[in-house]
Amino acid sequence: MSETATASKSGAVEALRQRAYKIRRHALRMGEVQGQGYVGQALGVADVLAVSYFRALRLDPKNPEWEERDRFLLSIGHYAIALYAALIEAGVIAEEEIEDYGSDDSILPMSGMAGYTPGMEITGGSLGHGLGIGVGMALGLKRKESASRIFNLLSDGELNEGSTWEAVASAAHWKLDNLIAIVDVNDQQADDKSSTVLNYEPIADKWTAFGWETYRVNGNDLEALIDAFDSAMESSSDKPRVIICDTLMGRGVPFLETRDKTHFIRVDEDEWSVALKQLDEVYGVQ
Amino acid sequence: MSAKKKLKTSAMIASIADEGTPTTSAPFGHALVEAAEKNPKIVGMTADLGKYTDLHIFERAFPDRYYQMGMAEQLLMMAGAGMAREGFIPFVTTYSVFASRRAYDFICLAIAEEKLNVKIISALPGLTTGYGPSHQATEDVAIFRGMPNLTIIDPCDAVDIEQSVQAMVDFDGPVYLRLLRGKVPRVLDRFEGYRFEIGKAKRLIDGKDALIISSGLMTTRAIEASDQMKEKGVEVGVMHCATIKPLDNEAILEEVRRHPDRPVFVAENHSVVGGLGESIASLLMKEGVAVTFRQIGLPDEFLGAGALPTLHDLYGISTNEVVKTLEQYVSSDEEIMPTI
């Protein structure tokens, strides 16, 4: 890599680091409003969303339904808090909506639904739907000869659902090179660790065997994420691509990183301000 | 013991037409081709049942608009939702059992919750195959009636199917249609001016002695039964209710009230639980309409295998059995007989 390219990449990393910080901060503030929320997942996936929204996706924040946009499908409806944070940071949703998160009449319900929120493409939450919808949309985009792409964020838990694998097989069969799946592997499901509930490792080998171009990276390493996203988007292969991201729940807030992991990380009432303070310290913001 | 010849199992491609009834081959496939010639947004998708849902006719005409999604009904519904999101009008085909039992969550959340413009065309509704419960969708309407936003159509014959295709194209929203495939009876031609309309029940035959409200292939049986009763001097009216949801409350109430002393029979190719019969019973009760009311439908049990004529007799939905049921309640001197 040339010195210029190195400098450019390091600039990109720093810019994305700031975006990831802000995404984490927006998510924590929403959690504070509601006194609960899937902040563990949001903190874990913030770097993936920063790279998605501020490097990979083509979008017009003022026109979330722009026909030529890339479509970002959130299968995992409970990650809505994370996506809202990214959409706020991207300027699709106004920041003041944070104050109403999860409240009556809010445009930010706790589980993501297409009818409520600008930029929320599909109704998630019943896991195992997103990738199949993505297959249909990717086929539709090809029919329209559109250059838009489909991104679908899944979780490792969602790989338990058989319908996900119907879609995995189909995407490869139809050579959907306009479809990029992102799997957040935080090794945590509702009842226990993913590897204990239903072990899907080696995850990457399975996607590869189904005919996908497969990447696996540390999902909290921005440089690695940039490389994986860039390669996936620049590849001339006719295969669909999957970027498997190993992430740490609670990332960026030290006391949550080390807290016992559950699907729904407990944060006590007086801890929200501590979490925000710790996050600021981690990012060197006073 | 008599040496009566046993009939053979009715397979997937068995015609439900009674002997002598005129038929049309693959009306859905041909009608879809005709609609697709005018509307480039129409695409066809199937889960390895193109040939068994008459979609192969569409495939032949528009190979590049045909999507074979494999034997994966969940995916079929999700991909249909995705196609609709991109502005297309997907006609997705499978069997009624698989659409209702296997793919329910995907129709519910991916399609109906977002009112997406997906047309679900399902073959083998009710008791139209002799393969037994794995293929007999005797409870599909009961399953789908509880799903908000979903329109449910149960066409009677080839005329209904042909007209319903264009009606579905013109209608913006998800539809579940119970398809009769292969050689489909053609009986509505004789009713001049008949027009299929989504959401409308239509009086086909006026009759002062009894009323049958029916959907699907049972409308054919109701017409035949009415004809036979007429020869016996009994006038049996027939109202065809091709849209099961939303129900045409207004037309049904008006028809029932026109002759309030008539016994009302609801005939459906479906379980007596949760289908058209209970839907109409609920309407009449809510509106305070008290009439003699009986259901002609399939029993609440897993049904047997074998030949369709045998099974239709056994479970009371053949024309002969409909006539027998009517005769229990209505006689030629217009007396209503004591009921069960």
Which pairs turn up if I take residues in the range A:96-119 that are within 14 Å of chain B (Cβ to nearest Cβ) and look for partners that are part of a loop (DSSP other than H, G, I, E, B) and of a type in the set (A, V, I, L, M) with beta carbon separation below 6 Å, at least 6 apart in sequence or on another chain?
A:G112/A:M120; A:A114/A:M120; A:A114/A:I122; A:Y116/A:I107; A:T117/A:I107
Return a yes/no flag: does the range A:222-237 have any residue that is surrounded by 15 or more Cβ atoms within 10 Å (Cβ to Cβ), assigned to a loop (DSSP other than H, G, I, E, B) and of a type outside the set (S, T, N, Q).
no
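Just checking, does the range A:130-139 include any residue being surrounded by 19 or more Cβ atoms within 10 Å (Cβ to Cβ) and in a loop (DSSP other than H, G, I, E, B)? Don't jump to the end; show me each part of the working.
Narrowing the range A:130-139 to residues surrounded by 19 or more Cβ atoms within 10 Å (Cβ to Cβ): A:130-139.
In the following step, the residues that additionally are in a loop (DSSP other than H, G, I, E, B) were identified as none.
The answer is no, given that none of the residues of the range A:130-139 is surrounded by 19 or more Cβ atoms within 10 Å (Cβ to Cβ) and in a loop (DSSP other than H, G, I, E, B).
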Of the residues B:G87, B:G50, only one is in a loop (DSSP other than H, G, I, E, B), of a type outside the set (F, W, Y), closer than 30 Å to A:A171 by Cα and touching a Ser or Thr at 6+ places or on another chain (Cβ under 9 Å); which?
B:G50
Which of the numbered conditions does A:R216 fail, given that it passes all the others? Conditions: (1) assigned to a helix (DSSP H, G or I); (2) in contact with a helix residue (DSSP H, G or I) (Cβ under 7 Å, 6 or more places away or on another chain).
(1)
Note on the range B:57-84: residues part of a helix (DSSP H, G or I) and surrounded by fewer than 24 Cβ atoms within 10 Å (Cβ to Cβ) are B:I57, B:E59, B:R60, B:A61, B:P63, B:D64, B:R65
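Mind listing whichever residues of the range B:236-250 are over 19 Å from B:L188 (Cα atoms) and in contact (Cβ under 8 Å) with a residue 24 or more places away in the chain?
Taking the range B:236-250 first, the residues over 19 Å from B:L188 (Cα atoms) are B:245-250.
B:K245, B:P246, B:L247, B:D248, B:N249 - these are the residues of the range B:236-250 that are over 19 Å from B:L188 (Cα atoms) and in contact (Cβ under 8 Å) with a residue 24 or more places away in the chain.
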For the range B:144-229, which strands (runs of 3 or more DSSP E) that fit wholly inside it have 3 or more residues that are surrounded by 23 or more Cβ atoms within 10 Å (Cβ to Cβ) and under 13 Å from the mean Cα position of the chain (by Cα)?
B:175-179
I'd like the residue in the range A:150-208 that is of a type in the set (V, I, T) and within 14 Å of another protein chain (Cβ to nearest Cβ) and, out of all such residues, is nearest to A:T258 (Cα to Cα).
A:T164
Could you figure out which of (1) without any contact (Cβ under 8 Å) to a residue 60 or more places away in the chain; (2) assigned to a helix (DSSP H, G or I); (3) surrounded by fewer than 20 Cβ atoms within 10 Å (Cβ to Cβ) isn't true of B:H30?
(1)
Going by what's in this entry, would A:G125 be described as more than 21 Å from A:V33 (Cβ to Cβ) and within 14 Å of chain B (Cβ to nearest Cβ)?
no
State whether the residues of the range B:11-19 include one that is within 24 Å of A:A171 (Cα to Cα), surrounded by 23 or more Cβ atoms within 10 Å (Cβ to Cβ) and either assigned by TED's automatic domain parsing to the domain that holds B:G132 or at pLDDT below 95 (or both).
no
If B:R178 satisfies every condition in (1) at positive phi; (2) assigned by TED's automatic domain parsing to the domain that holds B:D54 but one, which is the exception?
(1)
Polar (S, T, N, Q), within 18 Å of B:G297 (Cβ to Cβ) and in the same structural domain as B:Y95 (by TED's automatic domain parsing): which single residue out of B:T138, B:T151 fits that description?
B:T138
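Got a sec? Which of A:A86, A:A27 is within 20 Å of A:G250 (Cα to Cα), surrounded by 24 or more Cβ atoms within 10 Å (Cβ to Cβ) and more than 12 Å from the chain's Cα centre (by Cα)? Write out each step before concluding.
On the way: A:A86 fails: more than 12 Å from the chain's Cα centre (by Cα).
So the residue among A:A86, A:A27 that is within 20 Å of A:G250 (Cα to Cα), surrounded by 24 or more Cβ atoms within 10 Å (Cβ to Cβ) and more than 12 Å from the chain's Cα centre (by Cα) is A:A27.
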Members of the range B:104-130 that are surrounded by fewer than 24 Cβ atoms within 10 Å (Cβ to Cβ) and of a type in the set (S, T, Y):
B:Y104
Just one of (1) closer than 26 Å to A:L127 by Cβ; (2) crowded, with 22+ Cβ neighbours inside 10 Å; (3) away from chain A (no Cβ under 12 Å); (4) of a type outside the set (D, E) trips up B:R101, so point out which.
(2)
Failed item in (1) more than 23 Å from A:N220 (Cβ to Cβ); (2) at pLDDT below 95; (3) surrounded by 19 or more Cβ atoms within 10 Å (Cβ to Cβ), with A:A114 passing the rest
(3)
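Out of all the residues in the range B:290-299, is one or more farther than 24 Å from B:E235 by Cβ and modelled with pLDDT of 95 or more? Don't jump to the end; show me each part of the working.
If we filter the range B:290-299 for residues that are farther than 24 Å from B:E235 by Cβ, which is where we start, we get B:298-299.
Retained after the next criterion (residues that are modelled with pLDDT of 95 or more): B:298-299.
Yes, because at least one residue in the range B:290-299 is farther than 24 Å from B:E235 by Cβ and modelled with pLDDT of 95 or more.
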Considering only the range A:250-270, how many residues are at pLDDT below 90 and of a type in the set (D, E, K, R)?
4
Complete set of residues in the range B:107-141 that are on the phi > 0 side of the Ramachandran plot and either away from every other protein chain (no Cβ under 11 Å) or small (G, A, S) (or both):
B:L124, B:G126, B:G132
Only unsatisfied item for A:Q189, checking (1) at pLDDT below 95; (2) crowded, with 17+ Cβ neighbours inside 10 Å; (3) assigned to a helix (DSSP H, G or I), is (3)
When you look at B:G50, is it within 25 Å of A:M137 (Cα to Cα), in contact with a strand residue (DSSP E or B) (Cβ under 7 Å, 6 or more places away or on another chain) and either surrounded by 15 or more Cβ atoms within 10 Å (Cβ to Cβ) or without any contact (Cβ under 8 Å) to a residue 24 or more places away in the chain (or both), yes or no?
yes
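Answer with yes or no whether A:A147 is more than 13 Å from every other protein chain (Cβ to nearest Cβ), at negative phi and either in contact (Cβ under 8 Å) with a residue 12 or more places away in the chain or assigned to a helix (DSSP H, G or I) (or both).
Numbers: more than 13 Å from every other protein chain (Cβ to nearest Cβ): yes; at negative phi: yes; either in contact (Cβ under 8 Å) with a residue 12 or more places away in the chain or assigned to a helix (DSSP H, G or I) (or both): yes.
Considered against the rule, which asks whether it is more than 13 Å from every other protein chain (Cβ to nearest Cβ), at negative phi and either in contact (Cβ under 8 Å) with a residue 12 or more places away in the chain or assigned to a helix (DSSP H, G or I) (or both), A:A147 comes out as yes.
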Please determine whether any residue of the range A:94-109 is in contact with a helix residue (DSSP H, G or I) (Cβ under 7 Å, 6 or more places away or on another chain), of a type in the set (S, T, N, Q) and closer than 25 Å to A:T164 by Cα.
no
Please pick out the residue among A:G112, A:G124 that is under 23 Å from B:F88 (Cα atoms), part of a loop (DSSP other than H, G, I, E, B) and not polar (S, T, N, Q).
A:G124
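The values are calculated or read from the model by the stated rules, or taken from the named source; none is laboratory data. Just so you know, these numbers come straight off a predicted model, no measurement behind them. We place every Cβ from the backbone using ideal geometry, glycine too, and count neighbours over all the protein chains shown.
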